[in-house]
Each structure stands twice: as structure tokens, then as C-alpha cells.
Amino acid sequence: MKLYTGNTQDIASSDMDGPPASKALLESQLAALRDRLREIPDGTTAQGEVLLEMGRTLLRLEQGAEAWAPARQAFDVFAAGQQWEKAVEATEVLFLTEQPGSLAALGQGVWLAVTFPIDPNITVEMLRRIVEETPDDADGAAVAAAAAHYVADLRSKGKERENLLFYTAQMLSSVARRHSPVDKQEDFDAWRSRLELDDPDKFLVRLRNVVDVLVQDDWWVDRDTIQQQLPVN
């Protein structure tokens, strides 16, 4: 399989915040969300959605510390309802708040995004954030990029699959160049084989180790119970 894409530019961070908005507009939106929140019963999907949007709005206002609480509450609401895709979206907001628990949020978001068959674009985005957080000479970025390419291949279809595979191939090539002297396809193939990135049974176990380093003992879900309930443990 040809994955190496040559001297492409590093994959740029996506802008989850959307187009710029004025501070006044964002503050108005935040006030409206707070009003809406008071009308919604606790523990409902609607509550989780409003809390998540509050977290995103506070991030756009560059109030990361204030964004933590609503995003964390949103995570709990979605996790309780086993709405794993939304729970992962909440972990991304929590990661971007840059608070003491942000790396734990990233690790849990990646674990949920890989464990459950959610939107592959979201899973790839979460794995990309591990790539960006990992030093150039560490294997964690390579493992995350390999997992992203694997998920894209496994879960996406049609034109989306074509686009996502191209994106993740670029990601993997970029990681290879920063990790080792990789200048051509043969170098890339040797690097990929040496790190066992062509064997999902091996690199997914290593990804779990990366997640464990990020989360430590700060799990917000019962991972063992979730694993026991999966069709294939």
C-alpha cells in the first residue's frame, strides 16, 4: 500500500471554532444559552447540547477556565446516556480549555472515539491532537497517526473515505519525516514496518498505552464495564 505522500506540508490544525465572531455577539449568545439552560430538565440530551455549546462559546471568548465546567457537565450527561460521539465532542472542548485535566480529557476522548464506531472524522481529529501533543522523536505520534489511517479505512465510505484516507496518509507521512530520516517511499515502508505500524493488533495496543499515560487514574467512565458490554471484548 502506498502511503508516503512526499514533502507535503504538515497537516494544519482545524479551526473547530468556526468563523470569527465579535465579542458582543458571543456574549449575547452565551446569555441566551444560559437562559435556555434554566428551562431544560437535568440529565437530558438537550441539556448536554446547551452545556456543550456554552463551553464552545466560552472558548471563543478565550475563557478556557470558565469553559471547563459546562463542558465537563456535558460530558457527564452524554456519558450517562451512552451518547459517545457527543461525549467525545465534549472532551475536545475540555482539552482545548488547557486546564489541569485537559490531557486526561484528550486521552478519554481518544479511547471512546476509537472504541465506538462514531463519525470517523471526529476520531481522526482527536488522534491528530495526540500527534500535535507528542514530541517529534517519540513513537506516540506515529501510533496515533497509524490509528487514524486505520479508522479512516475501516469506517468511512465513498468520497469521504477517499478524502479522509488522503488526509491521514499525509498525517502519517508528516510524522514519519519528523520522527526519522524518511525521504522516499522505501524509507517510509521500512520506518512503518520497524515501528509495526502495519499491524493493527500491535499499534492499537500501543495506542492504549498512550491513552493510559494521558489519563493516568483520572477516568470519568467505568472503562472495564464498557469493555465488558462491547460485542467483542
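Computed quantities for the displayed model
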| item | result |
| --- | --- |
| C-alpha center-to-center spacing [the range 130-152, the range 159-233] in angstrom | 6 Å |
| Separation of the Lys159 and Asp76 label points, Cα + 7 Å toward Cβ, nm | 4.3 nm |
| The range 148-165 - phi-based ³J(HN,Hα) in whole Hz, Karplus 6.51/-1.76/1.60, Gly and Pro as x | 4, 5, 5, 5, 4, 5, 7, 9, 9, 9, x, 5, 4, 4, 4, 5, 5, 5 |
| Where only C-alpha atoms are counted, convex hull volume of the chain per residue in Å³ | 134 Å³ |
| Residue order, fewest to most surrounding Cβ atoms within 10 angstrom, among Met171, Met126 | Met171, Met126 |
| Sorted by Cβ neighbour density within 10 Å, fewest at the top, the residues Tyr150, Tyr167 | Tyr167, Tyr150 |
| Relative intensity, log₁₀ I(q)/I(0), of the range 56-138 from a Debye sum that treats every alpha carbon as a point, q = 0.12, 0.13, 0.18, 0.23 Å⁻¹ | -0.32, -0.38, -0.71, -1.08 |
| Sequence of Asp153, Asp222 once ranked by neighbouring C-beta atoms within 10 Å, starting from the fewest | Asp222, Asp153 |
| Cα gyration tensor of the range 158-219 - equivalent ellipsoid semi-axes, whole Å, descending | 24, 18, 12 |
| Inter-site label distance for Arg178 and Asp222 at 7 Å from Cα along Cβ, in nm | 3.9 nm |
| Per-residue ³J(HN,Hα) for the range 59-71, Karplus 6.51 cos²θ - 1.76 cosθ + 1.60, θ = phi - 60°, Hz, x for Gly and Pro | 4, 5, 7, 6, 10, x, 4, 6, 6, 4, 4, x, 5 |
| Karplus-derived HN-Hα couplings along the range 38-48 (A = 6.51, B = -1.76, C = 1.60, θ = phi - 60°), whole Hz, x at Gly and Pro | 5, 9, 9, x, 5, x, 8, 4, 4, 5, x |
| Debye log10 I(q)/I(0) at q = 0.15 Å⁻¹ for the range 23-99, Cα point scatterers | -0.44 |
| Cα-based shape type of the range 118-216, given that a ≥ b ≥ c are square roots of the gyration tensor eigenvalues and the cut on a/c is 1.5 | oblate |
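None of the figures in this text is laboratory data; all of them are computed from the coordinates on show. Computed from a predicted model, the values in this text were never measured in an experiment. All Cβ positions, glycine included, derive from the backbone under ideal geometry; neighbour counts span all protein chains shown.
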